Amino acid sequence: MSSTAVAPEKKPEVLGMRKNGKQWHATRKAFRPGSGLTSYEKRSKLRMAMAATKAKEKDMKDEKEAERQQRVQAIKEKRAAKEEKERYEKMAEKMHKKRVERLKRKEKRNKLLNS
């Protein structure tokens, strides 16, 4: 028995036979011209800045959309009030004034109960 330890031999990487049959050529790597130009820290800072910008833009767009929806809702409410007023005026032409007032109160009560 020998006193020296046996060092494991490093085997060359075996990739198998090439598809095109040109085993004498050296294996090539993918062509990535911009792979080592910027550092990871720089790229990550750029990504963080872009994410912050996107978030700010999204907030601004959401705020603008909310204002637009508020205007649309106000217009719808005005139209509904105008239609209701016209309907009551039409009813007042046909019926007595006190009866129209009673119907108004009754409809308001029903509206409050339903909502």
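The angle between the Cα long axis of helix 40-94 and the longest principal axis of the Cα atoms of the chain comes to about 20 degrees, rounded to the nearest 10.
Note on LYS94: lysines with a C-alpha under 17 Å away, same-chain residues under 8 apart excluded, are LYS85, LYS104. Taken over the C-alpha atoms, the chain has Rg and Dmax values of 39.7, 124 angstrom.
Between the residues THR27, MET95, LEU112, the greatest Cα displacement towards the positive end of the dipole of the chain, with unit charges on the Cβ of Lys, Arg, Asp and Glu, is found for MET95.
For a straight C-alpha distance cut-off of 27 angstrom, the lysines reachable from LYS19 (same-chain residues fewer than eight places away being disregarded) are LYS10, LYS11, LYS29. Exceedance of the 31 Å cut-off in Cα-Cα distance is limited, within the set LYS54/LYS78; LYS76/LYS106; LYS58/LYS108, to LYS54/LYS78; LYS58/LYS108.
Bear in mind these aren't lab numbers, they're just calculated from the coordinates by the rules spelled out. Please read all numbers here as calculations on a predicted model, not as lab measurements. All Cβ positions, glycine included, derive from the backbone under ideal geometry; neighbour counts span all protein chains shown.
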